[in-house]
Amino acid sequence: MSRELSEMYQSLAADADARDLGVPDLLRQQADRRARLRAAGSTVAVALVVVGVVIGTQVVGPPPVTVPSPAGTPTPPPVSPSPSVTGGSPSPPVSPTTPGRSPGTTATSPGVTGSPQPRTPTSIPDRAFFRLAAANQIGIAPEFRDLDVLPGLCGATFPSEAAIVQRRARNVVYKLPQNPGEGYVPDGTYTHSITIYRAGRADDLLDELRQAVRDCPQQERSGGSAPVLGRQRLLADSGYGDESVLFEMRSPGQDINGDPTGVQDVRLIRAIRVGDVVTILWEQGWENTSSQRAQVDADSARAAAAVKVWLG
Amino acid sequence: MRDAQSFDDFYRSTARRMVRYGYAVTGDHNEAQDLVQEAYARAWRQWGRLSAHPAPEAWLRLVVSRLATDRWRRLRGLRGALRLAGAPPPVAPPNEDSVLLVQALRQVPATHRRVLALHYLYDMPVEEIAREVDAPVGTVKSWLSRGRARLAALLPDLAVVELEATDVA
């Protein structure tokens, strides 16, 4: 059977239409959250540079002198919006006219609608799992594996496991935005899971998890040369999915030889419920790095958003 | 000051077309969703100025194209590694023609994919495509013609490519 190219593109368009992009307010929230994180990261980086310069000056330089700031620092002129993918670039030489449209495509055809209720799915596709932001990617593809999705909590069991419809888990390696990427040492790893529960049972897991953390304020775990005492506590949490649970695990840090490093090793674990689905991010660091709250928050938002988009 | 309502209206009226475009230039649903969301996030960050742009949708397409090209380069090495390790099991395609076209488009240069998408999905005349991709009209005609020829070679059932090529000659 022969085909026309235009017909094949129409098929492609119809196929693409089946994919929901999400609601705009969610996208705006994510964009703003990311912008705030970037701003915070830049501030910290600048502060570190300033501190480094000051210390360096005190160590090797002449006695510091106070230099007044130049008056009347010019403000950069406003620039027109230009898409920057790998840096600044000129504005697109586009026509001011509205582009033509294919037959059947109208300007009022919304790709998205309001905020529909999440449906209860029966299987978990790859697209339900969030993608790391470009600044966090280190060139190592996530790997789906059969993993423990939560750390041990004094041997607690979760009766809600009996209501699981499907679960998938993967290992995600990431870097912090300010650090170099491919070829360099990562900053952390997640065990990231998504679990579908039978209708109305997903919130049981969150209740059970809260109780398990409360009932297990401390526990011993195996260390490099001797057991170490870890402490667990719930942290206040909101703004992720329909509800979420965030807790931390702290223990004395050990180096690769099992000797104490003198600093606390902090792990953050967040479970987020969206309808009958629970996604869990368990940050496990990389060679004794501790979890960074801002990074875990950002990835939690992406994880929840991906589940929402998937559920429609 | 950014006006959320006007951004949401813009998003709702363009998102479907943009996902189609993203899918046509990336050849991957998830990549397309990711790139288009990223492009809209960037648009929102600049919405105070971009809302006054004469053609914000064209601006968005340019961001998607550049992100797609960038990712295509970065993913090439990964794809090679995946081929050695064995490809993941394919997801059942909902539409055979679409899947065939996407598979063929993956073997077409990025510039050709872009102009083909603008022509077939946006029904743009060659002159307008040339303005958007910042290339001479003759170059765009050549890209369209070569893109179609390549697709015809990859899609043996494709009909009357020669006749279609004349509509932009």
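The values are calculated or read from the model by the stated rules, or taken from the named source; none is laboratory data. Please read these numbers as outputs of a predicted model, since none were measured by experiment. With ideal geometry, Cβ positions are generated from the backbone for all residues, glycine too; neighbour counts draw on all protein chains shown.
Taking segment A:289-302 on its own, how many of its residues are aliphatic (A, V, I, L, M) and within 14 Å of chain B (Cβ to nearest Cβ)?
Within segment A:289-302, the first condition is being aliphatic (A, V, I, L, M), and the residues that meet it are A:294, A:296, A:298, A:301.
Now restrict to residues that are within 14 Å of chain B (Cβ to nearest Cβ): A:298, A:301.
Here the count works out to 2.
Just one of A:Pro180, A:Pro142 is assigned by TED's automatic domain parsing to the domain that holds A:Thr289, closer than 20 Å to A:Ala298 by Cβ and either aromatic (Phe, Trp, Tyr) or crowded, with 17+ Cβ neighbours inside 10 Å (or both); which is it? Even if it seems obvious, please write down each step before you answer.
On the way: A:Pro180 fails: either aromatic (Phe, Trp, Tyr) or crowded, with 17+ Cβ neighbours inside 10 Å (or both).
Just one listed residue meets the conditions, A:Pro142.
Residues checked against (1) at pLDDT 90 or above; (2) surrounded by fewer than 17 Cβ atoms within 10 Å (Cβ to Cβ); (3) assigned by TED's automatic domain parsing to the domain that holds A:Tyr197; (4) in a loop (DSSP other than H, G, I, E, B):
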{"position": "A:Asp237", "(1), (2), (3), (4)": "yes, yes, yes, yes"}
{"position": "A:Ser244", "(1), (2), (3), (4)": "yes, no, yes, no"}
{"position": "A:Glu248", "(1), (2), (3), (4)": "yes, no, yes, no"}
{"position": "A:Thr261", "(1), (2), (3), (4)": "no, yes, yes, no"}
{"position": "A:Ile269", "(1), (2), (3), (4)": "yes, no, yes, no"}
{"position": "A:Val278", "(1), (2), (3), (4)": "yes, no, yes, no"}
{"position": "A:Leu281", "(1), (2), (3), (4)": "yes, no, yes, no"}
{"position": "A:Thr289", "(1), (2), (3), (4)": "no, no, yes, yes"}
{"position": "A:Asp297", "(1), (2), (3), (4)": "yes, no, yes, no"}
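Checking the condition surrounded by fewer than 18 Cβ atoms within 10 Å (Cβ to Cβ), within 8 Å of another protein chain (Cβ to nearest Cβ) and within 13 Å of A:Arg28 (Cα to Cα), which residue from B:Asp3, B:Asp8 passes?
B:Asp8
Just one of A:Val245, A:Val263, A:Val296, A:Val277 is touching a residue at least 60 places away in the same chain (Cβ under 8 Å) and not aromatic (Phe, Trp, Tyr); which is it?
From the options A:Val245, A:Val263, A:Val296, A:Val277, the qualifying one is A:Val277.
Let's see how each residue does on (1) assigned to a loop (DSSP other than H, G, I, E, B); (2) modelled with pLDDT of 90 or more; (3) over 22 Å from A:Ala16 (Cβ atoms); (4) among the acidic types (Asp, Glu):
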site	(1), (2), (3), (4)
B:Tyr120	no, yes, no, no
B:Glu127	no, yes, yes, yes
B:Glu132	no, no, no, yes
B:Ala135	yes, no, yes, no
B:Lys141	no, yes, yes, no
B:Arg146	no, yes, yes, no
B:Ala149	no, yes, yes, no
B:Glu162	no, no, yes, yes
B:Ala165	no, no, yes, no
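Conditions (1) within 21 Å of B:Thr139 (Cα to Cα); (2) more than 9 Å from every other protein chain (Cβ to nearest Cβ); (3) at pLDDT 80 or above, marked per residue:
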| site | (1), (2), (3) |
| --- | --- |
| B:Gln33 | no, no, yes |
| B:Val36 | no, no, yes |
| B:Tyr40 | no, no, yes |
| B:Trp72 | no, yes, no |
| B:Val108 | yes, yes, yes |
| B:Arg113 | yes, yes, yes |
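Within segment B:1-29, work out how many residues are of a type in the set (Phe, Trp, Tyr) and farther than 15 Å from B:Trp59 by Cβ.
Just the residues of segment B:1-29 that are of a type in the set (Phe, Trp, Tyr), to begin with: B:7, B:10-11, B:21, B:23.
Cutting the leftovers down to farther than 15 Å from B:Trp59 by Cβ gives us B:23.
Total satisfying the criteria: 1.
Any chance you could count how many residues in segment A:134-150 are within 13 Å of chain B (Cβ to nearest Cβ) and closer than 12 Å to A:Tyr190 by Cα?
So the count comes out to 3.
Going by the structure shown, is A:Gly285 touching a residue at least 40 places away in the same chain (Cβ under 8 Å), part of a loop (DSSP other than H, G, I, E, B) and under 28 Å from B:Gln33 (Cα atoms)?
no
Each row is one residue, and each column tells you yes or no for (1) at pLDDT below 85; (2) at the interface with chain A (Cβ under 7 Å from one of its Cβ atoms); (3) surrounded by 13 or more Cβ atoms within 10 Å (Cβ to Cβ).
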residue: B:His29; (1), (2), (3): yes, yes, yes
residue: B:Pro56; (1), (2), (3): no, no, yes
residue: B:Leu60; (1), (2), (3): no, no, yes
residue: B:Pro88; (1), (2), (3): yes, no, no
